[in-house]
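J.: Let me give you the structure first, and then I'll get to my questions.
The values are calculated or read from the model by the stated rules, or taken from the named source; none is laboratory data. Computed from a predicted model, the values in this text were never measured in an experiment. Using ideal geometry, Cβ is built from the backbone for each residue, glycine included, and neighbour counts are taken over all protein chains shown.
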Amino acid sequence: MRVNGSLVRDPEAPVRIEVDRIRINGEIIRRPRQVYLMLNKPRGIVTTASDEKGRQTVYALLPHDQWLATVGRLDKASEGLLLLTNDSEWAAHITDPATHLDKTYHVQIAALADERLLRTLVAGVLEGGELLEAKRATLLRKGGKNCWLEIVLDEGKNRQIRRMFSAFGIEVLRLVRVAIGPLQLGNLPKGATRELAREEVRALSRFKA
């Protein structure tokens, strides 16, 4: 390896890929283009890179040959907005609980929610030794035996929404993440992806931990 024209034999020698001129076997090494991708994750798809059970992963849906990491997760049964990137610093900022970045979900439950249930979700539910709280919980629409709620979390814990309703013996029928901070899923089709605009990336970066 040559760095700025000098031969470097130590494979662990520090380099500044944005500044230094690096050649390996005569080929110039450049920092890969930073990619910020939105995916509308379908139900039944897992977010791991590979699955021991042979289930389809989100990586089968990506148009990029370049490796991207998921920014947070959605479980197999959940749908909606999932971010992927090769910018690890940006991803860490988005997922840092101290950032308190709102994540908005539309949730269909097998029950008819009343004001008492909505207030309790915001006040907090003790489950598995953890206090699970929603920042906001509002009724969107209802049918005869089920309804849709909008749940906003600003510090998500593992399977938080499902666990909150499980504490009341209520089944979650569908769970769709529709927004992360100001970024909306919009009308992106299921299984489709699009790159974030520069301003969308900046908007998420403005939230301070």
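J.: If I filter segment 92-113 for residues that are out of contact with any strand residue (DSSP E or B) (no Cβ under 7 Å at 6 or more places or on another chain), within 23 Å of Gln34 (Cβ to Cβ) and of a type in the set (S, T, N, Q), do I get at least one hit?
T.: Yes.
J.: State all residues of segment 159-194 that are charged (D, E, K, R) and under 20 Å from Ile45 (Cβ atoms); if no residue qualifies, say none. Talk me through it step by step, then tell me what you get.
T.: Filtering segment 159-194 for residues charged (D, E, K, R) gives 159, 162-163, 171, 174, 177, 190, 194.
Selection gives Arg159, Arg162, Arg174, Arg177, Lys190, Arg194.
J.: May I ask you to verify whether Arg55 is over 16 Å from Arg194 (Cβ atoms), in contact with a strand residue (DSSP E or B) (Cβ under 6 Å, 6 or more places away or on another chain) and at pLDDT below 90? Quick ask: steps written out before the conclusion?
T.: Details: over 16 Å from Arg194 (Cβ atoms): yes; in contact with a strand residue (DSSP E or B) (Cβ under 6 Å, 6 or more places away or on another chain): yes; at pLDDT below 90: yes.
Criteria met by Arg55.
J.: A further question follows. Residues that are touching a Cys at 6+ places or on another chain (Cβ under 7 Å), aliphatic (A, V, I, L, M) and surrounded by fewer than 18 Cβ atoms within 10 Å (Cβ to Cβ), at least 3 per element: which strands (runs of 3 or more DSSP E) completely within segment 75-169 meet that? Show your work before the answer.
T.: Values: elements: 79-85, 103-109, 125-127, 130-132, 136-142, 147-153.
Fully inside segment 75-169 and qualifying: nothing.
J.: Restricting attention to segment 47-60, which residues are under 21 Å from His106 (Cβ atoms) and either aliphatic (A, V, I, L, M) or over 14 Å from the mean Cα position of the chain (by Cα) (or both)?
T.: Within segment 47-60, the first condition is being under 21 Å from His106 (Cβ atoms), and the residues that meet it are 47, 58.
Val58, the sole residue that qualifies.
J.: Filtering segment 61-74 down to residues that are without any contact (Cβ under 8 Å) to a residue 24 or more places away in the chain and surrounded by fewer than 16 Cβ atoms within 10 Å (Cβ to Cβ), which residue is farthest from His106 (Cα to Cα)?
T.: Initially, segment 61-74 is screened for residues without any contact (Cβ under 8 Å) to a residue 24 or more places away in the chain, giving 65, 67, 69-70.
Subset that is surrounded by fewer than 16 Cβ atoms within 10 Å (Cβ to Cβ): 65, 67, 69.
Details: Asp65: 32, Trp67: 30, Ala69: 25 Å.
Ranking the qualifying residues of segment 61-74, first place goes to Asp65.
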